[in-house]
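The values are calculated or read from the model by the stated rules, or taken from the named source; none is laboratory data. Please read all numbers here as calculations on a predicted model, not as lab measurements. Here Cβ is always computed from backbone atoms with ideal geometry, including for glycine, and neighbour counts include all displayed protein chains.
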Amino acid sequence: MEVSGTVVLICAAAGLMVGSFLNVCIHRIPRHESLVWPASHCTACDRRLAWFENVPIVSWLALGGRCRTCGAGISAMYPLVEGATAVVFAGGVAVYGLTPLLGVRLAFASALVVLFAIDLRHQILPDVITLPGIVAGFAASWLLPPGWLSSLMGIVAGYVGLLLVAQLYVWVRREEGLGGGDLKMLAMIGAFLGWPLMILTLVLASCAGSIIGVALMASGRGGMKTALPFGTFLAVGALAAAVVGEPILAWYLSLY
């Protein structure tokens, strides 16, 4: 379904606002803080922010990335998350059109953005996102693609498959390689995308993780013990699979 440029711009603007809320989630969820109280404030001096300090991207640029009261630095992660969410929302409506599936995919993508940032910063994947995500993805699959059977298979295969890989790593390396959060996140991806795109996500994430890992070792900034936040790669892989996964699978199957 083709959509007008105006609709794409509206969705991008909505993505900016959603991205602002996702920043709240990224900051507060790992700290087990409320998402609604207190209101947005400087994390250094606790001053409540004025409305004009909460305008996505623009406020960060206008303030030079610093609190106007105490001068404390404001992470560039904030505008990056807002901008990335805007791109995801604009791309989502361009791919899926104004359909019921669009809402499900945008909710899924928003969860991935939060998981990406939290895992990158704290190397954790909170259950408060992944477990409800599994339920939501499976529930939506009864009415929308990928269908409930593929979703169920994606949940089971995602969790059990990665669990076996993690256990094999422990047997070989005698140390933990993947955390339980990675297993639940892949199960959530399977719930939303179904088992074929879940497998593609795992392949893409593993390839990306291997490339980055080798690059870190080659640059001398990492080694075999360097902890790579696999959830960040799963998030990128899942977004790619959701957008271009079907053509990739069709191309691969055409080779046989």
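Can you spot a residue in the stretch 7-24 that is assigned to a loop (DSSP other than H, G, I, E, B), of a type in the set (Val, Ile, Thr) and under 29 Å from residue 95 (Cβ atoms)? Within the stretch 7-24 (the criterion being assigned to a loop (DSSP other than H, G, I, E, B), of a type in the set (Val, Ile, Thr) and under 29 Å from residue 95 (Cβ atoms)), the answer is no, since none of the residues qualifies. Considered as a group, the residues in the stretch 1-44 that are within 21 Å of residue 121 (Cα to Cα) and of a type in the set (S, T, N, Q) include one that is surrounded by the fewest Cβ atoms within 10 Å (Cβ to Cβ), and that residue is 34. Of all residues in the stretch 128-147, those satisfying the criterion of being part of a helix (DSSP H, G or I) and either polar (S, T, N, Q) or surrounded by fewer than 22 Cβ atoms within 10 Å (Cβ to Cβ) (or both) are 128, 129, 130, 131, 132, 135, 136, 138, 139. Restricting attention to the stretch 229-256, the residues that are surrounded by 23 or more Cβ atoms within 10 Å (Cβ to Cβ) and either hydroxyl-bearing (Ser, Thr, Tyr) or closer than 13 Å to residue 186 by Cβ (or both) add up to 9. Please verify whether the stretch 96-109 includes one or more residues that are at pLDDT below 90, of a type in the set (Phe, Trp, Tyr) and either assigned to a helix (DSSP H, G or I) or surrounded by 12 or more Cβ atoms within 10 Å (Cβ to Cβ) (or both). Looking for residues that are at pLDDT below 90, of a type in the set (Phe, Trp, Tyr) and either assigned to a helix (DSSP H, G or I) or surrounded by 12 or more Cβ atoms within 10 Å (Cβ to Cβ) (or both), one finds none in the stretch 96-109, hence no. Selection of the stretch 75-95 for residues being in a helix (DSSP H, G or I) and of a type in the set (A, V, I, L, M, F, W, C) yields 77, 80, 81, 84, 86, 87, 88, 89, 90, 93, 94, 95. Taking the stretch 44-86 as the range and being among the small types (Gly, Ala, Ser) and either more than 19 Å from the chain's Cα centre (by Cα) or modelled with pLDDT under 90 (or both) as the test, the residues that pass are 44, 50, 59, 62, 64, 65, 71, 72, 73. Hey, can you tell me all the residues within the stretch 58-85 that are within 13 Å of residue 19 (Cβ to Cβ), crowded, with 17+ Cβ neighbours inside 10 Å and aliphatic (A, V, I, L, M)? Across the stretch 58-85, the qualifying residues are 81, 84. Just give me the residues in the stretch 32-74 being small (Gly, Ala, Ser), assigned to a loop (DSSP other than H, G, I, E, B) and over 23 Å from residue 114 (Cβ atoms), in sequence order. Within the stretch 32-74, 50, 64, 71, 72 qualify.
Among the residues of the stretch 208-231, are any assigned to a loop (DSSP other than H, G, I, E, B), touching an Asp or Glu at 6+ places or on another chain (Cβ under 7 Å) and at pLDDT below 95? Checking the stretch 208-231: at least one residue is assigned to a loop (DSSP other than H, G, I, E, B), touching an Asp or Glu at 6+ places or on another chain (Cβ under 7 Å) and at pLDDT below 95.
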